[in-house]
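J.: Got a structure for you, written out below as structure tokens; questions coming shortly.
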Amino acid sequence: MKQFCKPTQKYTILISILVLVAFVLNACQPTHPSSLDLWIDNADGEVTATPLPELTPVATRPSYLPGTIVDYVAQSGDTVPALAIHFNTTVAEIREANPIIPEDATTMPPGMPMKIPIYYDPIWSSSYQIIPDIAFVNGPRGVDFDVVDFVNQHPGWLKDSRHIIGEEVRSGAGMVIYISEMFSVSPQLLLAILEYQTGALSNSTPPDDVDAYPLGYRDIFHQGVAQQLVWAANFLNNGYYTWRDGSLKTYKHSDGRLERPDPWQNAASAALQYYFSQIMGRDEYAVAVSANGLAHTYAALFGDPWQGDQILIPGSLRQPEMILPFAPGQTWAYTGGPHTGWGLGAPFSAIDFAPATNVGGCTPAIDPALAVADGVISRKGIAFAVLDLDGDGDERTGWSVFYLHLLTTSIPPVGTQLKQGDPIGLPSCEGGKSTGTHVHIARKYNGEWILAGDIVPFNMEGWITGIGGAAYSGTMKKNGLVKTACVCSDQFSQITAQGLTLADQ
């Protein structure tokens, strides 16, 4: 048998010194404050200082014995499959510990107490929650927020800047609005990031690298503020929605360190940790994801994000009734399974259909794509239209449907009321990369992209989407029939519309 010796007194003293040094270094981390910490105009027009809160340290979790039951309170947008991955357990074990959960449950009711068997994983990230999910998406909190007015009220360089994006020259505020709308990321969050990293709202002089890599992502195709912010919005969505579906298990920092999001974390905070991990060193990152970092800048600009309604996705979310986006009797090909709604990578919220007569070519279709439900055109642009389903004309509240690759001149004007089955535009190759004439359709609820093949899949006339092994792959199933997504438009991908029947309603 091996004998393990006790450490010598000298070794014990050395360990104590190292622990003390580590504590001191942690306490002396730079705080990276925004310049907003030095000025905020009060009601009398005076300049006041805002004290920084204490740095929130990276929380530690105990090394739980396998299968230990821990307490968890359901957060907005949680699903049982994703929680099972976060806690390194199984759906069956969660259901056994929470028999109250119905078999057909979709999203968990926010605030519901749960018991979850946990299987410990090391290298968990900080449990500090930076902002709630409702402050991440371009959703209800953006309805009364005027981006242009807000930017113009601040002395920073952003208000006088100009940027080419979306085939137009836009102001700094216009750039933020465009990126916020297309990626459906909160304009307040984008402004807070620009302020935290570049002083865009408080510093009249832009950073030296404003025309290069001001947000720290060094890529020749993302030079300048506009393209840096495009990358940031896209990458934030990658993190947010892979946390939503459970596929964000581990990520690598810029210095090579591995980290796992804390199982109790919310999607917005996990996404921000993921974002900052790619562009910051160890100390700068530790501050950015703490109370002294972006959270402080956000609160200084917009107030405490944890005040007010926190529910973005309610419990038991269900999709409204939808038809296939083509007329009864027509046969179109299911050419694209779940893939990105906008940008690159997650969220896999969109699916594609192509008229059988147009597959492989780029001639605009003769037959229009149809409104999948009643709604109003709330926004349109080059090759895209947004159909708002709740009737208020604002895609940031309730259900909305995003259509892409429509012939721009065929899209009805903003404000047009459409009935289910009315034409919304002709499928084309307009609007980015396209292998042929088709229409791209994605859903949002309260501004959050709803994953196409996840817990709330597309249901169109009873055809249900299923995920595949990669982007654009996947199936649609109905009454035992299976159609497999393929740009080839073979018989195994073709679907004939019938309209909604009593069985579908």
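Throughout, read-outs are computed from the coordinates displayed, never taken from laboratory work. Nothing here was measured: the structure is a model prediction, and the numbers come from that model. In this analysis, Cβ positions are derived from the backbone assuming ideal geometry, glycine residues included, and neighbour counts consider all displayed protein chains.
J.: Semi-axes of region 133-302's equivalent ellipsoid from the Cα gyration tensor, sqrt of 5 times each eigenvalue, largest first, rounded to whole Å?
T.: Values: eigenvalues 123, 63, 48 Å².
Each semi-axis is the square root of five times an eigenvalue, giving 25, 18, 16 Å.
J.: OK, next. Compute the acute angle (0 to 90°) between the alpha-carbon long axis of helix 267-279 and the principal axis of greatest extent of the alpha-carbon atoms of the chain; round to the nearest 10°.
T.: With rounding to tens, the tilt is 70 degrees.
J.: Just grab the label-to-label distance for residue 321 and residue 97, each label 7 Å out from Cα along the Cβ direction, in nm (one decimal).
T.: 4.0
J.: Which whole number of Å³ per residue matches the convex hull of the alpha-carbon atoms in region 331-496? Show your work: numbers first, answer last.
T.: Values: hull volume 17.1 nm³, N = 166.
Taking only Cα atoms, region 331-496 has a hull volume of 103 Å³ per residue.
J.: Taking neighbour counts of Cβ atoms within 10 Å as a proxy for exposure, in what order, fewest first, do 277, 63, 349 appear?
T.: Neighbour counts put them in this order, fewest first: 63, 277, 349.
J.: Which whole-Hz ³J(HN,Hα) couplings does region 328-341 yield from phi under the Karplus relation 6.51 cos²θ - 1.76 cosθ + 1.60, θ = phi - 60°, glycine and proline marked x?
T.: x, x, 7, 10, 10, 9, 7, 8, x, x, x, 8, 4, x
J.: Please give the helix 9-27 orientation as an angle from the longest Cα principal axis of the chain, in degrees from 0 to 90, rounded to the nearest 10.
T.: For 9-27 against the chain, the angle is about 50 degrees.
J.: Sticking with this one: What percent of all Cα-Cα pairs in region 68-118 falls into each 5 Å bin, going from 0 up to the bin containing the maximum distance?
T.: Histogram of Cα-Cα distances, whole percents per bin: 5, 23, 39, 28, 6, 0.
J.: Follow-up question, since we're still on this one. Computed FRET efficiency, Cβ-Cβ of residue 482 and residue 120, R0 35 Å: what is it to the nearest 0.05?
T.: Values: r = 39 Å, r/R0 = 1.13.
For residue 482 and residue 120, the calculated efficiency is 0.35.
J.: Then there is this: Run the Debye formula on the Cα coordinates of the chain, all scatterers equal and no solvent, and tell me log10 I(q)/I(0) at q = 0.10 1/Å.
T.: The computed values of log10 I(q)/I(0) come out as -0.83.
J.: Taking the Cα centre of region 133-302 as origin, sum charge times position over the Cβ atoms of Lys and Arg (+1) and Asp and Glu (-1), and report the length of that vector in debye to the nearest 20.
T.: Values: 11 positive and 19 negative charges, 88 e Å.
Dipole size: approximately 420 debye.
J.: Can you check what the Kirkwood hydrodynamic radius comes to for region 410-497, Cα pairs only, in Å to one decimal?
T.: Radius from the Kirkwood sum: 15.1 Å.
J.: Still on this model: Would you mind getting me the FRET efficiency between residue 205 and residue 149? Use the beta-carbon distance for r and R0 = 22 Å, nearest 0.05.
T.: Working: r = 23 Å, r/R0 = 1.04.
Efficiency computed from Cβ-Cβ geometry: 0.45.
J.: Looking only at Cα atoms, what is the convex hull volume of region 312-387 per residue, in Å³? It would help to have the intermediate numbers written out before the result.
T.: Working: hull volume 11.7 nm³, N = 76.
Per residue, the Cα convex hull of region 312-387 comes to 154 Å³.
J.: When a footprinting reagent is the concern and you count Cβ atoms within 10 Å, what order do 460, 108, 114, 280 take, fewest first?
T.: Details: 460 24, 108 27, 114 18, 280 21.
Placing the least packed residue first, the sequence is 114, 280, 460, 108.
J.: Moving to a separate point now. Along region 452-466, what does the Karplus equation 6.51 cos²θ - 1.76 cosθ + 1.60 (θ = phi - 60°) give for ³J(HN,Hα), rounded to whole Hz, x for Gly and Pro?
T.: For region 452-466, the Karplus-derived couplings read 5, x, 9, 6, 10, x, 4, 10, 10, 6, x, 7, 10, 6, x Hz, x marking Gly and Pro.
J.: If neighbour count is taken as other Cβ atoms inside 10 Å, put 252, 380 in order from fewest to most. Walk me through the numbers on the way to the answer.
T.: Values: 252 11, 380 21.
Lowest count first: 252, 380.
J.: Still on this structure: Regarding region 55-186, what's the average projected area of the Cα-atom convex hull, expressed in nm²? Could you put the intermediate results ahead of the total?
T.: Working: hull surface 48.1 nm².
For the Cα atoms of region 55-186, the hull's average projected area reads 12.0 nm².
J.: Please list, ordered by chain and number, the residues whose modelled amide H lies under 5 Å from the amide H of residue 399; skip anything fewer than 5 residues away on the same chain.
T.: Here the answer is 389, 390, 446, since their amide H atoms fall under 5 Å of that of residue 399.
J.: Report the one residue of 377, 323, 261 whose Cα lies farthest in the direction of the positive end of the charge dipole of the chain (charges on C-beta: Lys and Arg +1, Asp and Glu -1; origin at the Cα centre).
T.: The listed residue farthest towards the positive side: 261.
J.: Putting +1 on Lys and Arg Cβ atoms and -1 on Asp and Glu Cβ atoms, find which of 105, 445, 136 reaches farthest to the positive end of the dipole of the chain.
T.: 105
J.: How many angstrom lie between the C-alpha centres of region 433-482 and region 192-270?
T.: 28
J.: What do you get for the angle between helix 187-198 and the principal long axis of the chain? Use alpha-carbon atoms, 0 to 90 degrees, nearest ten.
T.: Approximately 40 degrees, to the nearest ten.
J.: Using r as the Cβ-Cβ distance of residue 68 and residue 250, and R0 as 22 Å, what FRET efficiency do you calculate, to the nearest 0.05? Don't skip to the answer; put the middle values down first.
T.: Numbers: r = 21 Å, r/R0 = 0.97.
The formula returns an efficiency of 0.55 here.
J.: Still on this model: Classify region 120-160: rounded, prolate or oblate, from the alpha-carbon gyration tensor (a ≥ b ≥ c, eigenvalue square roots; a/c under 1.5 rounded; otherwise prolate if a/b is larger than b/c)? Walk me through the numbers before you get to the answer.
T.: Numbers: a/c = 4.91, a/b = 2.12, b/c = 2.31.
Because a/c hits 1.5 or more and a/b fails to exceed b/c, region 120-160 counts as oblate.
J.: In nm, to one decimal, how far is the residue 362 label point from the residue 422 one, both placed 7 Å along Cα→Cβ?
T.: 3.2
J.: Treating only the Cβ atoms of Lys and Arg (+1) and Asp and Glu (-1) as charged, compute the dipole magnitude of the chain about its Cα centre; round to the nearest 20 debye. Don't jump to the answer; show the numbers that get you there.
T.: Details: 28 positive and 49 negative charges, 353 e Å.
Magnitude of the dipole: close to 1700 debye.
J.: Each residue of region 417-433 in turn: what ³J(HN,Hα) in whole Hz from Karplus with 6.51, -1.76, 1.60 and θ = phi - 60°, glycine and Pro shown as x?
T.: 7, 10, 8, 3, x, 6, x, 10, x, 8, x, 8, 9, 5, x, x, 5
J.: Related question: Could you work out the local net charge near residue 240, counting Lys and Arg as +1, Asp and Glu as -1, over the other residues with Cβ closer than 9 Å to its Cβ?
T.: Details: positive: 244; negative: 133, 448.
Surrounding charge for residue 240 is -1.
J.: If you don't mind, there's one more thing I want to ask. How big is D, in µm² s⁻¹, for region 382-432 by Stokes-Einstein at 10 °C and 1.306 mPa s if Rh is the Kirkwood radius over C-alpha pairs?
T.: Details: Rh = 11.4 Å.
The calculation lands on 140 µm²/s.
J.: If you place +1 on the Cβ of every Lys and Arg and -1 on the Cβ of every Asp and Glu, how big does the dipole about the Cα centre of region 68-118 come out, in debye to the nearest 20?
T.: Numbers: 2 positive and 6 negative charges, 19 e Å.
Around 100 debye, computed over region 68-118.
J.: Sequence-distant or interchain residues sharing an amide H contact under 5 Å with residue 131, placed H: which?
T.: 269
J.: Quick one: which residues, 5+ away or cross-chain, put their amide H under 5 Å from the amide H of residue 170? H built at 1.01 Å from N.
T.: 163, 164, 165
J.: Using alpha carbons only, how many angstrom separate the centre of region 355-428 from the centre of region 282-338?
T.: Measuring centre to centre over Cα atoms gives 22 Å.
J.: Among 426, 480, 500, whose Cα lies farthest out toward the positive end of the dipole of region 365-505, if unit charges sit on the beta carbon of Lys, Arg (+1) and Asp, Glu (-1)?
T.: Value computed over the given set: 480.
J.: Another one. Starting from the Cα-Cα distance between residue 494 and residue 105, subtract it from 0.36 nm times their residue separation and give me the gain in nm to one decimal. Intermediate results must be reported in sequence, preceding the final value.
T.: Details: separation 389, 0.36 × 389 = 140.04 nm, distance 3.05 nm.
Once the chain is fully extended between residue 494 and residue 105, it gains 137.0 nm.
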